[in-house]
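Asks: Got a structure for you, written out below as structure tokens; questions coming shortly.
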Amino acid sequence: MKRLALVLLLEVAACGPREERAAVPEGPFGLGRAPTTEELASWNISVNPTGKNLPPGQGTVAEGKVVYAEQCAVCHGASGEGNHPLYPKLIGREPADFSFDDDHKKVHTIGNYWPYATTLYDYINRAMPLTAPGSMTPPEIYAVVAYLLAANGVIPEDAIMNAATLPQVRMPARDRFMADDRSGGAGFR
């Protein structure tokens with residue numbers, strides 16, 4: 001009886017009779033499939049500190065203020081003050097001395113801790129807004145990045161962010177991190 005119930009449950013979970021479903025993938029568990037070339041290309045969205053893979057488009061601080069109010073303020077607060085530990089503070093330069101190691105209650109923000117402006121673009125592109133990650137367009141992301149950088153006093157209010165200007169932004173905490181000089185090899189993953 002338990003086996004029959006399990007078979008029926010699996011059949012219902014598979015959403016239809018066997019004849020209407022695609023063939024079961026091969027492999028030890030019959031799960032998954034190799035991604036298509038198009039799928040791989042759509043996932044290859046990483047932007048590194050040099051700005052490699054930044055897309056075309058641009059955004060201003062004024063545009064970013066509007067997008068931030070529409071997409072970000074519900075979680076991070078109208079002024080980037082953060083609404084909850086899950087939705088952190090984004091704007092602030094204190095502590096300016098980078099003394100996070102002696103007090104875990106000191107808040108890490110874009111203005112006092114983030115090392116590269118390009119990786120801010122990368123993070124927002126991949127993970128924000130929380131309710132619809134990856135839904136923002138490149139101009140919207142450039143604009144939000146411009147707004148956040150200006151609000152943190154990193155760039156002027158009239159700055160325009162794009163693939164050429166964003167890698168040129170020097171973040172206040174950039175020199176506070178150790179360079180990763182690992183070159184790989186058999187013992188490195």
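Asks: Contact list please: Cβ distance under 9 Å, first residue in region 77-89 and in contact (Cβ under 8 Å) with a residue 12 or more places away in the chain, second residue among the small types (Gly, Ala, Ser) and assigned to a loop (DSSP other than H, G, I, E, B), pairs at least six apart or on different chains.
Replies: Gly80/Gly92; Tyr87/Gly77; Pro88/Gly82; Lys89/Gly77; Lys89/Gly80; Lys89/Gly82
Asks: Scan Leu130, Leu86, Leu149 and give me the residue that is under 25 Å from Lys52 (Cβ atoms) and not β-branched (Val, Ile, Thr). Outline the logic, then answer.
Replies: On the way: Leu130 fails: under 25 Å from Lys52 (Cβ atoms); Leu86 fails: under 25 Å from Lys52 (Cβ atoms).
So the residue among Leu130, Leu86, Leu149 that is under 25 Å from Lys52 (Cβ atoms) and not β-branched (Val, Ile, Thr) is Leu149.
Asks: A further question on this structure: Filter region 135-148 for residues that are in contact (Cβ under 8 Å) with a residue 40 or more places away in the chain, surrounded by fewer than 21 Cβ atoms within 10 Å (Cβ to Cβ) and either closer than 16 Å to Val169 by Cα or not β-branched (Val, Ile, Thr) (or both) and give the result. First the steps, then the outcome.
Replies: Step one: filter region 135-148 for residues in contact (Cβ under 8 Å) with a residue 40 or more places away in the chain, giving 136-148.
Next, from what is left, pick out any that are surrounded by fewer than 21 Cβ atoms within 10 Å (Cβ to Cβ): 136-139.
Hits for region 135-148 are Met136, Pro138, Pro139.
Asks: Provide a single number: the residues in region 8-51 that are surrounded by 10 or more Cβ atoms within 10 Å (Cβ to Cβ), of a type in the set (Val, Ile, Thr) and either part of a helix (DSSP H, G or I) or modelled with pLDDT of 85 or more (or both).
Replies: Matching residues across region 8-51 total 3.
Asks: Going by what's in this entry, would Met178 be described as out of contact with any Leu (no Cβ under 8 Å at 6 or more places or on another chain), touching a residue at least 40 places away in the same chain (Cβ under 8 Å) and aliphatic (A, V, I, L, M)?
Replies: Numbers: out of contact with any Leu (no Cβ under 8 Å at 6 or more places or on another chain): yes; touching a residue at least 40 places away in the same chain (Cβ under 8 Å): no; aliphatic (A, V, I, L, M): yes.
No, not satisfied.
Asks: Criterion first (more than 26 Å from Lys52 (Cβ to Cβ), in a loop (DSSP other than H, G, I, E, B) and of a type outside the set (D, E, K, R)) does Ala179 satisfy it?
Replies: Working: more than 26 Å from Lys52 (Cβ to Cβ): no; in a loop (DSSP other than H, G, I, E, B): yes; of a type outside the set (D, E, K, R): yes.
For Ala179, the condition - more than 26 Å from Lys52 (Cβ to Cβ), in a loop (DSSP other than H, G, I, E, B) and of a type outside the set (D, E, K, R) - is not met.
Asks: Residues of region 157-175 being in a helix (DSSP H, G or I), in contact (Cβ under 8 Å) with a residue 40 or more places away in the chain and charged (D, E, K, R), which ones?
Replies: We begin by selecting, within region 157-175, every residue in a helix (DSSP H, G or I); these are 166-168, 174-175.
Right, trim to in contact (Cβ under 8 Å) with a residue 40 or more places away in the chain and you get 166-167, 174.
Correct list: Arg174 only.
Asks: Mind checking which residues of region 114-130 are crowded, with 21+ Cβ neighbours inside 10 Å and over 8 Å from the mean Cα position of the chain (by Cα)?
Replies: Within region 114-130, Trp114, Tyr116, Ala117, Thr118 meet the criteria.
Asks: Just checking, which of Gly64, Gly111, Gly59, Gly80 is at positive phi and surrounded by 15 or more Cβ atoms within 10 Å (Cβ to Cβ)?
Replies: Details: Gly64 fails: at positive phi; Gly111 fails: at positive phi; Gly59 fails: at positive phi.
Criteria check complete, one pass: Gly80.
Asks: Of everything in region 64-88, what is more than 15 Å from Leu130 (Cα to Cα) and among the charged types (D, E, K, R)? Give them in sequence order.
Replies: Lys65, Glu81
Asks: Here's another thing I want to ask about it. Condition test on Arg93, is it touching a residue at least 60 places away in the same chain (Cβ under 8 Å), more than 18 Å from the chain's Cα centre (by Cα) and either on the phi < 0 side of the Ramachandran plot or not in a helix (DSSP H, G or I) (or both)? If you could, list the steps in order and put the result at the bottom.
Replies: Working: touching a residue at least 60 places away in the same chain (Cβ under 8 Å): yes; more than 18 Å from the chain's Cα centre (by Cα): yes; either on the phi < 0 side of the Ramachandran plot or not in a helix (DSSP H, G or I) (or both): yes.
Answer is yes for this residue.
Asks: Kindly provide the set of residues from region 23-76 that are of a type in the set (S, T, N, Q) and touching a residue at least 40 places away in the same chain (Cβ under 8 Å), ordered by number.
Replies: Residues of region 23-76 that are of a type in the set (S, T, N, Q), as a first pass: 36-37, 42, 44, 46, 48, 50, 53, 58, 60, 71.
Ser46, Asn48, Thr50, Gln58, Thr60, Gln71, listed by residue number.
Asks: In addition: Identify all residues within region 116-156 that are assigned to a loop (DSSP other than H, G, I, E, B) and under 22 Å from Gly92 (Cα atoms); write none if there are none. Spell out how you get there, then give the answer.
Replies: Of the residues in region 116-156, the ones assigned to a loop (DSSP other than H, G, I, E, B) are 116, 128-137, 152-156.
Those that are assigned to a loop (DSSP other than H, G, I, E, B) and under 22 Å from Gly92 (Cα atoms): Tyr116, Met128, Pro129, Leu130, Asn152, Gly153, Val154, Ile155, Pro156.
The values are calculated or read from the model by the stated rules, or taken from the named source; none is laboratory data. The model shown is predicted, which means the values in this text are computed figures rather than measured ones. Here Cβ is always computed from backbone atoms with ideal geometry, including for glycine, and neighbour counts include all displayed protein chains.
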